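**Q** Just dropping this structure here.
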Amino acid sequence: MGKNHEKLVSPLLMWLIVIIGIIIFVNIIPKTRIFTLGIFGLIIFLLTLVNWLYFFINAINIHRKAAFSVSRIDKLVKSGVYSKVRHPIYSADIMLAFGIFFLYLTLNVLISVIWLTFILIIWMNLEEKSLISKFGNEYKEYKKKVPMFFPYKMSYKKL
């Protein structure tokens with residue numbers, strides 16, 4: 001994947017695809033409640049929200065260009081949250097989406113979360129092709145050591 005393809009791997013385009021899908025699913029899939037968790041659903045949501053804040057804030061603090069397209073990334077960051085997962089922002093987005101599902105527990109939200117997860121996994125793979133093209137063996141070695149989006153071990157101590 002060359003320079004021209006890097007611009008196509010835009011988070012703006014990805015989120016546009018995600019949002020259009022969610023709007024469609026929320027409007028055509030019945031709002032059927034799957035089950036009820038009550039306070040446990042709220043607790044799960046709050047935990048995923050804290051997780052999202054942790055990963056997002058730390059990812060942006062370490063690498064301000066991470067939220068933009070691959071074409072704007074000029075260095076490979078392997079420290080902090082990037083030592084836990086290769087895509088900390090997407091990882092946190094997926095976990096938060098499932099937290100939102102546990103808050104609402106409806107079929108249309110579940111389908112929307114599955115859609116978001118599917119698109120983000122595709123996008124992570126597209127980005128990785130661009131990052132391999134840009135950083136070569138350095139990124140390939142990083143891939144071998146760090147999971148894509150779900151950390152093997154989780155530690156919330158200062159990274």
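**Q** Can you tell which of Val50, Val85 is over 16 Å from Glu128 (Cα atoms) and either surrounded by 17 or more Cβ atoms within 10 Å (Cβ to Cβ) or not aromatic (Phe, Trp, Tyr) (or both)? Full working, then the answer.
**A** Numbers: Val85 fails: over 16 Å from Glu128 (Cα atoms).
Every option except Val50 fails the conditions.
**Q** Against the definition (modelled with pLDDT under 90 and more than 24 Å from Leu13 (Cβ to Cβ)), how does Lys153 come out, yes or no? Give the steps one after another, and end with the answer.
**A** Working: modelled with pLDDT under 90: yes; more than 24 Å from Leu13 (Cβ to Cβ): yes.
Answer is yes for this residue.
**Q** Now for a different question. Could you look through region 25-46, keep only residues that are surrounded by fewer than 14 Cβ atoms within 10 Å (Cβ to Cβ) and in a helix (DSSP H, G or I), and pick out the one that is modelled with the highest pLDDT?
**A** Here the answer is Leu46.
**Q** Consider Val85 against the criteria (1) in contact with a Phe, Trp or Tyr (Cβ under 6 Å, 6 or more places away or on another chain); (2) at pLDDT 90 or above; (3) assigned to a helix (DSSP H, G or I): it satisfies all of them except one. Which criterion is unmet?
**A** The failed condition is (3).
**Q** Conditions: (1) modelled with pLDDT under 90; (2) basic (Lys, Arg); (3) surrounded by 17 or more Cβ atoms within 10 Å (Cβ to Cβ). Lys75 meets all but one. Number of the miss?
**A** (3)
**Q** Given Lys75, Lys134, Lys140, which one is assigned to a loop (DSSP other than H, G, I, E, B) and out of contact with any His (no Cβ under 6 Å at 6 or more places or on another chain)?
**A** Going through Lys75, Lys134, Lys140 in turn, the sole match is Lys75.
**Q** Okay, next question. For region 107-115, state whether one or more residues are modelled with pLDDT under 90, hydrophobic (A, V, I, L, M, F, W, C) and within 22 Å of Trp15 (Cα to Cα). Even if it seems obvious, please write down each step before you answer.
**A** As a first pass, look at region 107-115 and keep what is modelled with pLDDT under 90: none.
No, that holds for no residue.
**Q** On the given criteria, is Leu105 within 23 Å of Asn27 (Cβ to Cβ) and more than 13 Å from the chain's Cα centre (by Cα)? Please lay out each step first, then the result.
**A** On the way: within 23 Å of Asn27 (Cβ to Cβ): yes; more than 13 Å from the chain's Cα centre (by Cα): yes.
For Leu105, the condition - within 23 Å of Asn27 (Cβ to Cβ) and more than 13 Å from the chain's Cα centre (by Cα) - is met.
The values are calculated or read from the model by the stated rules, or taken from the named source; none is laboratory data. These numbers were taken from a predicted model, which means no experiment stands behind them. Virtual Cβ from ideal backbone geometry, glycine too; neighbours counted across all protein chains shown.
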